[in-house]
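*Asks:* Attaching a single structure in structure tokens format; questions to follow.
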Amino acid sequence: MEQTSPQSLSFNFDRVSGELVAAFTPVAGVQVPNLVILKQTLADGGFTKLYIDEAALGDFAAKIAGAKEAHSQKIGERRDGEFLIEISDDLMEAYLTLVPPQGGRARAVEVVNEIRAQGITQGILHEKLRGALATGHCSKLLIARGEDPVQGEHARFEALLDQKEEELSEIDDDAVVHYADLGHLLLINVGDPLMRRTPPVPGVNGVNIKGQVVPALPVPDLGFNKDCVGAEPSKDDPDLLVAAIAGQPQLITNGVKINPIVEIEDVDLSTGNVEFSGTVKIKGDVKTGMRLRVSGDVFVGGTVEAAEIIAGGNITVKGGIIGHAETQPGMASIVAKVKAEGSVQALFAESAHIEAGDSIMLAGNARQCEMLAGNEILVGKTNPKLGQIIGGRAQATMLIKAVAFGSSSAATTKIQVGLDPYLEEKLRAKEQEFQRKLDDLNRVIKQLAHYKQNPEKARNGAGEEAELNRKLLAQEVKDLVAEQNAMKEDLVAAESARIVAVKTVYEGVEMRIAKQVWQVLSDLGGGTAQLQGGKISFGGK
């Protein structure tokens with residue numbers, strides 16, 4: 001094809017070489033075409049189907065603007081269509097990019113041949129492919145997708161423990177504290193069902209775009225925990241865990257432990273310090289200086305002196321918890337230290353440090369004590385004539401209730417609710433666990449990168465095992481982030497937190513609800529302190 005307009009300008013297309021050449025011969029009295037005229041002339045001549053080199057065309061226009069002699073220059077060419085097929089690293093997806101032809105031919109047949117040559121046989125999206133080849137252009141169009149594997153389900157473990165409230169037989173009806181109302185102990189008998197196991201469901205393999213199998217992650221066939229002391233699978237049903245001994249059950253990961261109950265007359269120098277995985281019943285006292293650490297519950301029929309008791313369950317003391325006040329000026333007090341993951345119950349407490357994951361319940365007074373409870377503190381629950389918190393500090397998440405706070409001697413007494421005293425510590429532990437998992441994940445990622453550079457070292461399943469570890473660790477890191485976020489949201493439980501005085505609040509008491517502080521400057525009657533409008537209000541009972 002050839003076009004000349006005006007006569008001094010011509011465009012010549014060589015069908016053999018596919019080149020488009022512009023030529024101009026200066027003619028007196030004829031206007032020299034500018035770039036706009038050149039482009040219009042190309043369009044009029046039907047040359048725009050070819051590839052036009054805009055830089056070359058601009059250079060041609062500049063050179064002929066003041067030319068005295070004829071000038072010709074290549075400004076374009078015929079180009080065939082182009083294509084690119086990209087396959088994802090995991091061989092699960094293929095993408096097509098099509099560049100339309102410019103005066104040349106389309107490459108539809110070559111595209112189809114290349115798909116076959118690449119070995120893409122599975123999951124081809126034929127309608128999308130045909131549409132792209134028909135229009136002649138597309139950019140990173142998904143044209144094939146493999147089938148992802150369906151992951152299996154892990155074995156599930158369902159606890160079958162029925163919670164039962166047991167009355168403590170050693171507490172008589174005339175006792176000041178009615179422990180039948182306060183104590184809770186779950187006991188089971190031989191043969192009782194403890195936990196049901198649902199077997200795992202295997203996954204279904206997928207297939208990549210080359211027809212190769214993509215294995216589902218292996219699902220470990222987890223059985224009951226090997227540390228199920230005192231429990232065993234039923235002879236009639238291996239997926240049912242039953243009690244082999246009588247005692248107190250304790251849930252563990254994928255299982256249950258049975259803690260037998262041990263009876264001791266007194267904890268003193270004759271017994272030494274006691275550490276036991278189970279429940280301990282002490283008929284007498286825990287003497288000064290002794291230490292008792294158990295994983296289950298602790299029952300003390302007498303008193304707890306300036307000793308230390310740490311329990312994984314509840315602590316019940318029929319008598320009082322009595323530390324020693326300072327005997328001489330300048331000497332520190334020797335306090336009793338009692339800490340339970342569950343609840344602490346006692347007749348009264350003096351010079352004691354008491355911690356409970358759930359509740360602290362005292363029938364009488366708490367004098368110069370430090371008390372921390374994850375849920376609530378109740379002082380004077382059964383005796384309206386007693387139940388004062390005098391001096392010291394009491395802190396609970398939801399509720400602190402007593403007959404009276406402080407004393408007529410204006411002893412400084414600090415009461416705080418609305419902040420979980422244990423959650424920050426748990427959050428720190430969770431953050432440390434998150435960092436450990438993240439470090440493990442980074443090590444596995446580096447290992448996978450090493451395998452990619454050295455494929456011979458990833459043989460015999462080493463590469464697959466590392467990839468499985470990466471996926472499991474990534475999920476664990478994700479779960480830990482969610483747990484941390486949930487714990488941070490629970491740091492403040494201020495709106496429903498309350499401080500309840502049944503009869504009196506004495507001068508000198510300091511009340512805190514979340515971050516709000518109220519100093520009591522004069523004696524008050526009974527009432528409830530809680531947050532209203534972001535400030536502490538004290539009103540009727």
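*Asks:* Given labels modelled 7 Å from the Cα in the Cβ direction, how far is it in nm from Leu125 to Val16?
*Replies:* About 4.6 nm, to one decimal.
*Asks:* Residue by residue through the stretch 86-101, what is 3J(HN,Hα) from phi via Karplus (6.51 cos²θ - 1.76 cosθ + 1.60, θ = phi - 60°)? Round to whole Hz and write x for glycine and proline.
*Replies:* The phi angles translate into 10, 10, 5, 4, 8, 6, 9, 9, 10, 10, 10, 10, 10, 9, x, x Hz.
*Asks:* Antiparallel DSSP bridges in the chain: what percent, to the nearest 5?
*Replies:* 45 percent
*Asks:* Between 0 and 90 degrees, rounded to the nearest ten: what's the tilt of helix 108-117 against the longest Cα principal axis of the chain?
*Replies:* Approximately 50 degrees, to the nearest 10.
*Asks:* If the cut-off is a Cα-Cα distance under 30 Å, which lysines reach Lys430, setting aside same-chain residues fewer than 8 apart in sequence?
*Replies:* Result set, ordered by chain and number: Lys226, Lys257, Lys337, Lys339, Lys414, Lys446, Lys471, Lys478, Lys488, Lys515.
*Asks:* If you don't mind, another one. Can you give the extra length, in nm with one decimal, that the chain gains between Tyr51 and Ile445 once fully stretched, where that is 0.36 nm per residue apart less the Cα-Cα distance?
*Replies:* Difference between extended and current length: 137.1 nm.
*Asks:* Report the full-extension gain for the segment Lys283 to Gln118: residue separation times 0.36 nm, less the Cα-Cα distance, to one decimal in nm.
*Replies:* Once the chain is fully extended between Lys283 and Gln118, it gains 51.3 nm.
*Asks:* Using alpha carbons only, how many degrees (0 to 90, rounded to 10) separate the axis of helix 35-44 from the longest principal axis of the chain?
*Replies:* Between helix and principal axis, roughly 80 degrees.
*Asks:* In terms of modelled amide H atoms, which long-range or inter-chain residues lie less than 5 Å from the amide H of Val242?
*Replies:* Here the answer is Leu194, Glu232, Ser234, since their amide H atoms fall under 5 Å of that of Val242.
*Asks:* Here's a follow-up. Measure off 7 Å from each Cα along the Cα-to-Cβ vector at Lys457 and Lys74, then give the distance between these two points in nanometres to one decimal.
*Replies:* That separation, rounded to one decimal, is 5.0 nm.
*Asks:* Zone of Glu465 (label point 7 Å along Cα→Cβ, backbone N under 15 Å): which residues in the stretch 207-246?
*Replies:* Output list for this probe position: 218.
*Asks:* Let me ask something else. Tell me the label-point distance for the pair Arg196, Ile37, using the 7 Å Cα-to-Cβ offset, in nm and rounded to one decimal.
*Replies:* So the two model labels end up 9.3 nm from each other.
*Asks:* On to the next question. List the residues, sorted by chain then number, that are 5 or more residues from Lys283 or on another chain and whose placed amide H is less than 5 Å from its amide H.
*Replies:* Amide H to amide H, under 5 Å and 5 or more residues apart or across chains, Lys283 pairs with Ile264, Glu265, Gly301.
*Asks:* For an R0 of 51 angstrom, estimate the FRET efficiency from the Cβ-Cβ distance between Gln516 and Ala159 and round to the nearest 0.05.
*Replies:* The formula returns an efficiency of 0.80 here.
*Asks:* Ok, one more. Could you compute the longest span of the chain free of GluC sites (Glu not before Pro) located in DSSP loops and having at most 15 other Cβ atoms within 10 Å, not counting the site residues?
*Replies:* Formally, the longest exposed-site-free interval is 327-494.
*Asks:* Can you give me the three principal axis dimensions of the stretch 82-145 from its C-alpha atoms, in Å, biggest first?
*Replies:* Extents along the principal axes, in whole Å: 37, 19, 18.
*Asks:* Which percent of the Cα-Cα distances in the chain go past 32 Å?
*Replies:* On the way: 98535 of 146070 pairs.
In whole percent, the share of Cα-Cα pairs in the chain beyond 32 Å is 67.
*Asks:* Now, a different point. Using Cβ contacts closer than 10 Å as the measure, can you line up Ile209, Ile315 from fewest to most?
*Replies:* Fewest-to-most ranking of Ile209, Ile315: Ile209, Ile315.
*Asks:* Using modelled amide H (1.01 Å from N, peptide plane; none on Pro or chain starts), what sits under 5 Å from the amide H of Glu82, excluding residues fewer than 5 places away?
*Replies:* Val99
*Asks:* Can you give the relative contact order of the chain as a percent, counting alpha carbon pairs under 8 Å and 6+ residues apart?
*Replies:* Across the chain, relative contact order equals 6 percent.
*Asks:* Something else now. Output wanted: per-residue J couplings in Hz (rounded whole) for the stretch 247-264, from phi through Karplus 6.51 cos²θ - 1.76 cosθ + 1.60, θ = phi - 60°, x for Gly and Pro.
*Replies:* Each residue's phi maps through the Karplus curve to give x, 9, x, 9, 5, 10, 4, 6, x, 9, 9, 10, 9, x, 9, 10, 9, 10 Hz.
Every number here is computed from the coordinates shown, using simple stated rules; none is lab data. This is a predicted model, so every value here is computed, not measured. Because the Cβ atoms are built from the backbone with ideal geometry, glycine has one as well, and the counts that use them run over all protein chains shown.
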